[in-house]
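This report refers to the structure that appears directly beneath it.
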Amino acid sequence: MTDKEMVEEAFERLLQSYINSNHRKKIDIIKQAYNFAMRAHEGQHRDSGYPYMMHPIAVATIVSEEMGLGSTSICAALLHDVLDGTDYTIEDIENIFGKKIALIVDGLTKIAGGIFGDKALEQAENFKKLLLTMSEDIRVILIKICDRLDNMRHLDKQPEAKRYKISGETLYIYAPLANRLGLNTIKTELEDLSFKYEHPEEYEGIVKKLAHTNEKRTELFENFTRPIRQSLDEMGVHYTIKARVKSPYSIWNKMQKKHVSFDEIYDILAVRIIFTPRELTDEVNECFNIYVALCKLYKSHPDRLRDWLAHPKANGYQALHVTLMSNMGQWIEVQIRSQKMDEIAEQGFAAHWKYKSDSDTEKVAEDELNGWLQTIKEILDDPQPDAMDFLDAIKLNLFASEIFVFSPKGDIITMPNNSTALDYAFQIHTFLGTHCIGAKVNHKLVPLSHKLKSGDQIEIITSTSQHVQPAWINFVTTAKSRTKIQTMLRKQDREYAKQGEQMLTAWLEQNGLTLATSNLDKLSELHSTKHHEQLFISIAKGDIVLSQKDLNYIFYGAKGIEKHKRLRNWRKYIPFVRSMKKAVEKGHNYLTVGKDFDKSKAIVITEDNISNYVFPKCCQPIPGDDIIGYVNKKKQIEIHLRSCAEAARLQSSFGSDILVAKWDMHGIMEFRTTLALRGIDRKGIIRDVTQVLAGTFDIDIHRLTTLSDDGIFNSEIELKVKDAASLGEVEEQLSQIDGMQSVHRI
C-alpha cells in the first residue's frame, strides 16, 4: 500500500465514524481541513517512517470515535500541527475556518511538543499556557489528551530514554487530567501504556496472570449475574450487564500501595449494570429500584455503598455502587448507572454536549467544571517562584478525589480528599484562613491540622491577632491554601528582608565596611543561606546574630579562621571548617556531565564506577532494580528507582535530563536496604526472623525495630544484600515463617 492510499484509507475511516455519530453532519469543512493539512504536511514523515498526516488523522479519529466530539474539534485535530514547522499562520486558519477553530489550533500550538521543556521555568510557563488555554475552551485539552494518546500508542518507535520521559510525563500529568475530566477509558489506557513502557516485565507478568485467571472470572461473573438478569427481566428493565476487569496499572498500583501479591487483590472483577430509563427524569429512582432488587438477592456490605447520584464527582461522574457477597464467598462491586451516566463516565465533559439540558445534575457538573477552572485561574494569578512548586500546587488538589462537608448553615462544600480544617477555612474565604486559630468539627474543638471526612460539619474559629504561620504549609493539602499561605509568607519575608538589610547596613558601617556584594557573598557562605535576601530575613528574625566571627570571615575567609585561633571563641569555627572539607571530599569522586556527554546512551553501573554516581535518600536502588539516571543541577548523575515518587516527578518535569541506566554488577559489593515485616505476634517470632537472616543467609542485621500492639507485630530490619534477586530469596524465606502476614521492601 502506498503512502497516499494509507492516508486516504485512514481519512475514510474518520469520515465514517463522524457520519455514524449523533452530531450534525458538516462533512465539507472536515474535508477542507483534511486537504489543508495534507498540503501543509506534504512530504513530511514521522520517526516511525509513516506519512506525517497519519498522526493528525489518528488524533481526529480518537476525537470522533473515542471522545464523541463534533466537527469543530475534528477540524482542529486535523490542523493541530499545521502551524508548527510550516509557512502557514494562525491568520490563514482563521480566514478559512473561522475564529473558533483558529482559537483551538492556536491553543494546541502553544503547548506543542509536550507540556515540558528543557528548563524548569519553561516547564511551568508551558503548563500555565495549557491551563490558561483550557480555561478559554476545554476542547484544547481534550484534543491534546487525544494527541498524547496517539503518541503513547506508537511509543515503541522512540528511543528508550525518550520513552521514559514521555511515559513519566503522561502518568504525572495527562492521565490525572483525563481522570479529572471524566475520560475514564482514555485515562485507563494512558496509565496502562505508561506502565507498559516504564515497567515492561511487571506489565507482562500481570497481563499473563489476568489471562490465566480469565476462565475463573468468567465463571464467577456468569454465576453471579444469572439471578440478577432474571430479576431485572421480571421488572421490565432494559439493561446491559458488563464485566469490568481492573486494569494492569490499577492492579500493580494497588499491589505497591497495599504491599500485596496479585492473588491477594479481590476486586479485580466488578459488575456494571447499564440501563435505559423509561423517562430521562426517572434515572435516579430506577438506580435505587435496581439496588433494592439486588439486595434481595445478595447480602450487601454495609460500609461499601457509594452514592454519586445526588452529588456527582467533580468530573461529572454519576452512579450507585454497592458491594455484594456472591454465592462463591467473594465480595463483588456492582456499579448501577443509566446509559447517559455511562457515556459521561467514559467520555466525561465531552459527553455533556450531547446531553445539553437544564437539569440539576447537568448544572452541577458544569458548575464543578467552572469551579475547577476558577481554581486554576487563582493559582495562575499568583505564580510560584519555583517551577516545581507550581506543578506540585496543581497536582495537590486538581487531581485529588473529593469529600463532601457541610458549613454551619448546612451548605455542601466539595473538598479534595485529606483536606484539613485550615484548608476548609481558606476554601470559604482568605480572611478566615489567615486569622484561623481553630475549628469545631461536628461541634467538637479540633486543631487546624485535623483531617476532614465526608459528612463533617465545620465551624471556623478566628482571631484578629492571628497571622499566617510558616508551619501551616506542612499540613495544608489544597492548592488554594498552599498558594495563599506562600503568598502571605513571601509578603512577610519581604518586610523582614527590608528590615534585615537596614540592620546589616548599620552593622557594616559601624565596622568600616559597606553593603558590597563581595561582603554579602561571604556572609551568605558562612551562614549557609542560599541568597542575600535569605540572609537579610535571618538577621531580622534573630536567627543570625552578627558578631566578631562574621568580621573574621569577611576579612580572612575559611582559611583565615584556622590562622587566627587566638581570636575569642575560635573553637566555634572548627565544625564549620570541617563541614566544608567534608562537603568537598564527599563530592570529589562524582562524575560531572559536560557539554560532550551523550545523554542518548545508557550509563552502565559497575563496581569500578559506582562511586561516580549519586544515590539520594528518597530510594535505595540495588543491583537488579529498574533504575533511571538524572542529571541534577550540579551536573552530577543521580540514580533513582523507576518506581520512586521523586523519579516520577523528575521524568515528567526534567525529561531532557533523564538517562537510561543499567546495572553490570557481579555480586561483590553489598547494598543497604530495609524490610518491613508484619504478622501475628507470638513468642519466638523475632528469633525465627534472625535465624533466617543470620543462619540461612549469613546476613548481618544493622538495625532492627519492633512494635507489638494487640497481638500484631510490626518490624523494620535494615540489612545489606548483594542484589534484588538475593533480597527476593530473603523475602520469600521470611514470608514462610509461621504467623508472618507480609514482608516487603521500603
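Remark: residue 463 falls outside the filter, which requires a residue to be within 30 Å of the chain's Cα centre (by Cα) and touching a residue at least 24 places away in the same chain (Cβ under 8 Å).
What do you reckon, is residue 500 touching a residue at least 40 places away in the same chain (Cβ under 8 Å), touching a Lys or Arg at 6+ places or on another chain (Cβ under 9 Å) and either in a strand (DSSP E or B) or farther than 24 Å from residue 412 by Cβ (or both)? Yes. Out of curiosity, is residue 159 at pLDDT below 95 and either surrounded by 14 or more Cβ atoms within 10 Å (Cβ to Cβ) or touching a Lys or Arg at 6+ places or on another chain (Cβ under 6 Å) (or both)? Criteria not met by residue 159. Just give me the residues in segment 621-657 being under 24 Å from residue 595 (Cα atoms), crowded, with 19+ Cβ neighbours inside 10 Å and either at pLDDT below 90 or touching a Pro at 6+ places or on another chain (Cβ under 8 Å) (or both), in sequence order. Answer for segment 621-657, where residues must be under 24 Å from residue 595 (Cα atoms), crowded, with 19+ Cβ neighbours inside 10 Å and either at pLDDT below 90 or touching a Pro at 6+ places or on another chain (Cβ under 8 Å) (or both): 627, 638, 639, 640, 647, 650, 651, 652, 653, 654, 655, 657. If the condition is being under 22 Å from residue 727 (Cα atoms) and either in contact (Cβ under 8 Å) with a residue 40 or more places away in the chain or over 23 Å from the mean Cα position of the chain (by Cα) (or both), then segment 622-646 contributes 622, 623, 624, 625, 626, 628, 642, 643.
Contact map, segment 728-739: residues that are of a type in the set (A, V, I, L, M, F, W, C) paired with residues that are in a loop (DSSP other than H, G, I, E, B), Cβ distance under 6 Å, separation 6+ or inter-chain. Pairs shown: 730/697. Scanning segment 712-746 for residues that are open to solvent by 40 Å² or more (accessible area, probe 1.4 Å) and part of a loop (DSSP other than H, G, I, E, B) gives 722, 723, 736, 738, 746. Pairs meeting the criteria (first residue in segment 2-25 and of a type outside the set (S, T, N, Q), second residue not in a helix (DSSP H, G or I), beta carbons under 6 Å, at least 6 apart or on different chains) are 3/51; 7/51; 7/53; 23/70. Put simply, of 12, 65, 5 the only residue that is under 30 Å from residue 184 (Cβ atoms), out of contact with any helix residue (DSSP H, G or I) (no Cβ under 8 Å at 6 or more places or on another chain) and outside any loop (DSSP other than H, G, I, E, B) is 12. Residues of segment 598-618 include none that is within 21 Å of the chain's Cα centre (by Cα), in contact (Cβ under 8 Å) with a residue 12 or more places away in the chain, at negative phi and in a strand (DSSP E or B).
Name the residue, out of 172, 197, that is open to solvent by 20 Å² or more (accessible area, probe 1.4 Å), of a type in the set (Phe, Trp, Tyr), part of a helix (DSSP H, G or I) and at pLDDT below 90.
172
Which residue is farthest from residue 537 (Cα to Cα), if the candidates are limited to segment 503-515 and must be open to solvent by 40 Å² or more (accessible area, probe 1.4 Å) and outside any helix (DSSP H, G or I)? Restricting to residues being open to solvent by 40 Å² or more (accessible area, probe 1.4 Å) and outside any helix (DSSP H, G or I), the top hit is 512. Of the residues making up segment 213-224, one or more are crowded, with 21+ Cβ neighbours inside 10 Å, touching a strand residue (DSSP E or B) at 6+ places or on another chain (Cβ under 7 Å) and in a helix (DSSP H, G or I). Taking interchain pairs and intrachain pairs at least six residues apart, which have beta carbon atoms under 7 angstrom, with the first residue in segment 178-201 and farther than 21 Å from residue 402 by Cα and the second open to solvent by 30 Å² or more (accessible area, probe 1.4 Å) and not in a helix (DSSP H, G or I)? So the pair list comes out as 199/626.
Any residue at all in segment 61-82 that is acidic (Asp, Glu) and exposed (fewer than 14 other Cβ atoms within 10 Å of the Cβ)? Within segment 61-82, not a single residue is acidic (Asp, Glu) and exposed (fewer than 14 other Cβ atoms within 10 Å of the Cβ).
Filtered by the rule that a residue be farther than 30 Å from residue 204 by Cα and surrounded by fewer than 15 Cβ atoms within 10 Å (Cβ to Cβ), segment 259-288 gives 276, 278, 279, 280, 281, 282, 285, 288. The residues listed here are 672, 678, 703; of these, the one that is open to solvent by 60 Å² or more (accessible area, probe 1.4 Å) and within 21 Å of residue 260 (Cα to Cα) is 678.
Would you say residue 322 is β-branched (Val, Ile, Thr), modelled with pLDDT of 95 or more and open to solvent by less than 10 Å² (accessible area, probe 1.4 Å)? Answer is no for this residue. Evaluating residue 456 against the criteria (1) buried (at least 19 other Cβ atoms within 10 Å of the Cβ); (2) more than 30 Å from residue 402 (Cβ to Cβ); (3) touching a residue at least 24 places away in the same chain (Cβ under 8 Å) leaves one unmet condition, (2). State the number of residues belonging to segment 450-473 that are within 15 Å of residue 433 (Cβ to Cβ) and not in a loop (DSSP other than H, G, I, E, B). Here the count works out to 9.
The values are calculated or read from the model by the stated rules, or taken from the named source; none is laboratory data. These figures come from a predicted structure and were not determined experimentally. Every residue, glycine as well, gets a Cβ built from its backbone with ideal geometry; the counts of neighbours run over all protein chains shown. All accessible areas refer to the heavy atoms of the entire protein, side chains included, with ligands and DNA or RNA removed. Shrake-Rupley method; radii C 1.70, N 1.55, O 1.52, S 1.80 Å.
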